1. What relative contact order, as a whole-number percentage, does the chain give when Cα pairs under 8 Å and 6 or more residues apart are counted?
2. Shape of the stretch 6-124 from its Cα gyration tensor (a ≥ b ≥ c, root eigenvalues): rounded if a/c is under 1.5, otherwise prolate when a/b > b/c, or oblate?
3. Suppose we keep just the alpha-carbon trace of the stretch 27-90; what are its Rg and Dmax in angstrom?
4. Setting aside same-chain residues fewer than 8 positions from K15, which lysines have a Cα under 23 Å from its Cα?
5. Sequence-distant or interchain residues sharing an amide H contact under 5 Å with V9, placed H: which?
6. Amide H neighbours of D83 under 5 Å, counting only residues 5+ apart in sequence or on other chains, H built in-plane at 1.01 Å?
7. Sort 85-95, 104-114 by packing, meaning the average of other beta carbons within 10 Å per residue, with the highest value first.
8. Provide the packing ranking of 15-24, 75-84, i.e. peptides ordered by the mean count of other C-beta atoms within 10 Å per residue, highest first.
Amino acid sequence: MSKKLNFAVIAHDEKKADMVAFIMKRLEFFKNVNIFATGTTGKHIEFAGCDVNKFKSGPLGGDAQIAAMIVEKRIDCVVFFIDPLSSHPHEVDVQMLLRICNVTDTPIATNYSTASRLVKYFENSL
């Protein structure tokens, strides 16, 4: 039997409702993966009915904690709903996470449409 997938999920404040809707629409899939999330996003996802491994909030180091797992090859996919219309004081952390995904060739989706396609891919490969 194959190991459970490890998904990291992160959402800017303005995108947290979108993340919850995304997961609720795919609840069967997400109940069968290990979910790792930054603090506040994780709390919202718990309300959707999923078990979540929560880290610190993004601005307090949660993005870096997830990046460390990516470097250690402990994350299979990242879904990071970025709000491109708002400024974020921890933008450097966001860029670091994106860079780590690119350096390690870890799949990352930064919007709903791409995330849907990645989940579909992983569903079909299970």
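Each value in this text was obtained by applying a stated rule to the coordinates, not by laboratory testing. Keep in mind the model is a prediction, meaning the values are calculated, not measured. Virtual Cβ from ideal backbone geometry, glycine too; neighbours counted across all protein chains shown.
1. 27
2. Since a/c stays below 1.5, the shape of the stretch 6-124 is classed as rounded.
3. Cα only, the stretch 27-90: 12.3, 35 Å (Rg, Dmax).
4. List returned: K25, K31, K43, K54, K56, K120.
5. Long-range HN contacts for V9: F36, A37, T38, V79.
6. H12
7. 104-114, 85-95
8. Peptide ranking by packing, descending: 75-84, 15-24.
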